[in-house]
Amino acid sequence: MWDIAAAAVAFFLAFALRAAGMNLALAWLASCCVVPAFVLITEIALPDSRGSAMLPIALFVGGIYGAAAGGVGALFASLLAKRGADPDA
């Protein structure tokens, strides 16, 4: 459940930063930190977690789909901004 929430937060963070005018690469890089932060919180801080035995794998896999979700959010905001600037497109 936390992984879906983390990917959604990464998507909307990149979308919001890009819509606010931040550079595409910076919006994507900022959103890439969301899923690893969620993984660290759920694996280390929450008492019902499975422990840190799978932490490297969780960070690697979570980082990949967090980066993908952030990239899609940033690109989606860029496409909406282009359509808003050029209504004939």
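The values are calculated or read from the model by the stated rules, or taken from the named source; none is laboratory data. Predicted model only: the values in this text are computed from it and were never measured. Methodologically, a virtual Cβ is constructed for each residue, glycine included, from the backbone with ideal geometry; neighbour enumeration extends over all protein chains shown. We work out accessible area using only protein heavy atoms, side chains counted, and drop any ligands, DNA or RNA first. Shrake-Rupley method; radii C 1.70, N 1.55, O 1.52, S 1.80 Å.
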- Message: As I understand it, the dipole of the chain uses +1 on the Cβ of Lys and Arg and -1 on the Cβ of Asp and Glu, about the Cα centre. Which of Ala30, Trp2, Gly62 lies farthest toward its positive end?
- Response: Ala30
- Express the carbon and sulfur contribution to the solvent-accessible surface of the chain as a percent, rounded to the nearest whole number, probe 1.4 angstrom. 76 percent
- Query: How long is the gain from Ile44 to Ala25 if the chain were fully straight, where each residue apart is worth 0.36 nm and the alpha carbon distance is subtracted?
  - Reply: 3.9 nm
- Using a 1.4 angstrom probe, figure out how much accessible area the chain has per residue, in square angstrom, rounded to the nearest whole. 65 Å²
- Query: Rg and Dmax of the chain over Cα atoms: what are they, in angstrom?
  - Reply: 15.2, 54
- In nm, to one decimal, how far is the modelled label at Ile4 from the one at Leu79, with both set 7 Å along Cα→Cβ? 2.3 nm
